[in-house]
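The next block holds one structure in the form of structure tokens; read it before the comments.
What follows draws every value from the coordinates through simple rules; no lab data is involved. On a predicted model such as this, the values are computed, not experimentally measured, just so you know. Ideal geometry is used to build each Cβ from the backbone, glycine not excepted, and the neighbour counts take in all protein chains shown.
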Amino acid sequence: MPRHLVVILEDNADRIRDFEVAVAALGPDLRLRVWHDAPTMVAECPTVLPECCLISLDHDLSPQSGSTGDPGTGLEVSEFLARHQPVCPVIIHTSNSERRWSMHNEFRFGGWQVGIVAPIGEGWIAHSWLPRAKALIGA
């Protein structure tokens, strides 16, 4: 099965729009799937893992408008995924420097290829995340 799916855990609408543009720049055959909360991503991710060419995770998540549940954290998703066989590279894109390394270690100990992109400055998705994503997936 071809791997043509980029999956992202992100709660910010502006960043999601920037990720949509960045994924389109990675290639015309790639699709994007975004989750706003960790529990839903953990529940639904196993069905899409065979299609994934890249996973990108934030850590600190805010509840979406109208949501009553706890959005969880990127560390929860990292712990879940790290128990699976590696299927693709991972980018951790959180400003939470302490949890960034906890997430990184989960993947590293699980044998996954993992990189970190710090969300610093305006346009960081286009200027930092996109080149890293291209390098990791060979685009």
- The summed charge of the R3 Cβ neighbourhood (under 12 Å; Lys/Arg +1, Asp/Glu -1) stands at -1
- Query: How much net charge surrounds S95 when only the other residues with a Cβ under 9 Å from the Cβ of S95 are counted, with Lys and Arg +1 and Asp and Glu -1?
  - Reply: -1
- Taking the chain as a Gaussian network, Cα atoms linked when under 10 Å apart, which of V77, V23, V48 shows the biggest mean-square fluctuation? V48
- Task: Would you kindly state how much longer the chain becomes between Q113 and T40 on full extension, computed as 0.36 nm times their sequence separation minus their alpha carbon distance, in nm to one decimal?
- Result: 23.9 nm
- Karplus-derived 3J(HN,Hα) from phi for segment 100-107 (6.51 cos²θ - 1.76 cosθ + 1.60, θ = phi - 60°), whole Hz, x at Gly and Pro, runs 3, 6, 4, 5, 4, 5, 4, 5
- Query: What residue among G111, G69, G27 shows peak mean-square fluctuation when the chain is described by a Gaussian network model with Cα springs under 10 Å?
  - Reply: G69
- Taking neighbour counts of Cβ atoms within 10 Å as a proxy for exposure, in what order, fewest first, do S102, S62, S56 appear? S62, S102, S56
- Query: Counting pairs of alpha carbon atoms under 8 Å apart in space and at least six apart in sequence, what relative contact order in percent does segment 4-96 give?
  - Reply: 34 percent
- Restricting segment 4-68 to trypsin sites (Lys or Arg not before Pro) in coil, as DSSP defines it, with at most 12 other Cβ within 10 Å: none
- Relative contact order of segment 62-110: what whole-number percent is it, with Cα pairs under 8 angstrom and at least 6 residues apart? 42 percent
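Take T73, T40, T47 and order them by how many other Cβ atoms sit within 10 Å, fewest up front.
Arranged by neighbour count, lowest to highest, T73, T40, T47 become T47, T40, T73.
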- Query: If you place +1 on the Cβ of every Lys and Arg, -1 on the Cβ of every Asp and Glu, and leave all else neutral, what size is the dipole of segment 5-137 about its Cα centre, to the nearest 20 Debye?
  - Reply: 460 debye
- Message: Can you report the principal axis dimensions of the chain using only the alpha carbons, biggest first, rounded to whole angstrom?
- Response: 37, 34, 27
- Message: Given a 10 angstrom Cα cut-off, can you work out which residue in P63, P89, P28 is the most mobile in a GNM of the chain?
- Response: P28
